[in-house]
Every structure is written in structure tokens, then in C-alpha cells.
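See below for the structure under consideration.
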Amino acid sequence: PMTATIWKIYDQKLWQIGEIVLSTSNTDEMAEALRERYGRSAAGEASGVSHICIYPDPAGQQRRSSALGRTDVSILREAGFNVRVMTAHPAVRDRMNVMNRMFEASDGSRVAFVDPGCVKSIESYDKLCYLDSGIQIDKSSGYDHLVDASGYFLYWWRTRQEVSARPSPYIIGR
């Protein structure tokens with residue numbers, strides 16, 4: 001499935017306020033779903049989505065024949081989104097450790113919070129497991145999609161300590 005988690009930054013805390021799961025979809029359809037739910041109309045802005053930052057899977061930079069040679073990243077940029085993509089995947093264990101620490105660090109502090117309405121995300125965060133090796137995520141359960149969506153944004157935010165003077169109201173992990 002194609003998934004997105006929606007985050008807001010408030011007072012240096014990260015709040016997951018939404019989720020989108022499109023069972024059989026593509027990047028164009030996800031862009032439209034994001035536009036419909038979170039876009040806004042503004043003077044001089046055709047798509048109404050430039051206030052949305054998307055932190056996609058770094059693999060989204062690869063061209064695919066199914067997208068007529070376009071990349072996921074180029075599709076999102078052409079749709080008017082502010083796309084921030086890492087040049088390479090972080091190690092799975094590093095990404096998961098960052099996420100877990102943001103949800104609750106060893107000292108009990110928390111930086112990331114999830115709205116109770118994000119039922120599928122909560123289930124995914126709770127039930128995702130590692131394979132016996134303890135290094136790779138068990139992708140057969142299907143719980144990895146929403147976790148990955150949040151993981152790319154949370155890893156980016158934590159490792160870059162990205163706090164801009166004009167934070168975007170909506171942050172989309174995908």
C-alpha cells in the first residue's frame with residue numbers, strides 16, 4: 001500500500017495528527033489525497049500544497065517505467081509539495097532507534113506523540129517486529145508501511161534538528 005503519516009510541529013514537540021493508507025495506489029493518487037485533505041487555497045498558489053513538506057523514502061528518487069519515467073519525488077514536486085529527501089536510506093536499526101527514542105527516551109522524556117485517532121499507525125507501532133536476526137524488520141506482517149512513513153520524517157527531523165523560522169503546518173512522512 002501507499003501510506004502517509006501527517007505530523008505537526010508545535011513548541012518543539014512532534015504530533016502525528018493523521019494517516020493515509022491507500023491499498024492499491026500510486027504517487028499521483030497519494031498526491032491528490034493529500035491535496036484534498038490538507039491543501040488550501042491561497043492567492044497565487046495553484047495547488048494549495050506548498051505549505052506541506054514531504055519526507056519520502058529515498059528510493060523515491062529512482063525512475064520507474066510504471067510512472068512513465070518519472071520519479072516519486074518528481075511527481076510530488078510537480079504537484080507543488082515541498083519535498084525533502086535524504087540521499088540514502090538510514091540503517092533500519094538507526095531509524096528505529098531514533099523513532100523509539102522520540103516516542104519515549106530512557107529518561108522518560110517524549111518528543112513525538114500520536115493522536116488516538118491514528119488507529120492504524122498505533123497498531124503498526126505496537127505490532128511491528130524484527131526478524132530472528134534482530135537486524136531486519138518483518139515486512140510480511142504489513143505493519144512496516146506506516147512505521148516507515150513516520151520513520152523517514154522523524155529520522156530527518158532528529159538528525160538535522162530542523163527547526164525553521166516558518167515551520168510548515170503539515171509534515172508528511174511517506
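Miscellaneous remarks
- Surrounding net charge for TYR125, when Lys and Arg each add one and Asp and Glu each subtract one, Cβ distance under 15 Å: -3
- In the elastic network of the chain, a GNM with C-alpha springs shorter than 10 Å, the most mobile of HIS51, HIS89, HIS145 is HIS89.
- From phi via Karplus (6.51, -1.76, 1.60), per-residue ³J(HN,Hα) for the range 137-150 in Hz, x at Gly/Pro: 6, 7, 7, 5, 6, x, 7, 6, 5, 5, 5, 4, 4, 6
- Dipole in debye (nearest 20) - the chain, about Cα centre, beta carbon charges: Lys, Arg +1; Asp, Glu -1: 440 debye
- With θ taken as phi - 60° and the Karplus curve 6.51 cos²θ - 1.76 cosθ + 1.60 applied, the whole-hertz 3J(HN,Hα) list for the range 88-98 is 8, 5, x, 4, 3, 4, 5, 4, 5, 5, 4 Hz, x standing for glycine and proline.
- Near the amide H of VAL114, within less than 5 Å, lie the amide hydrogens of GLN16, all on another chain or at least 5 residues away, with H placed in the peptide plane.
- For LYS13, the lysines whose Cα comes closer than 22 Å to its Cα, not counting residues fewer than 8 places off in the same chain, are LYS120.
- When Rg and the Kirkwood radius Rh are both evaluated on Cα atoms of the range 66-117, their ratio Rg/Rh stands at 1.15.
- Spin-label pair ARG77/LEU22, simplified geometry with 7 Å Cα→Cβ offset, distance in nm: 2.0 nm
- Amide H contacts of ASP57: ARG174, each under 5 Å away and 5 or more positions distant or on a separate chain (H built 1.01 Å from N in the peptide plane; Pro and chain starts excluded).
No value in this document is a laboratory result; all are computed from the given coordinates. Since the model is a prediction, treat every value here as computed from it, not as a measurement. With ideal geometry, Cβ positions are generated from the backbone for all residues, glycine too; neighbour counts draw on all protein chains shown.
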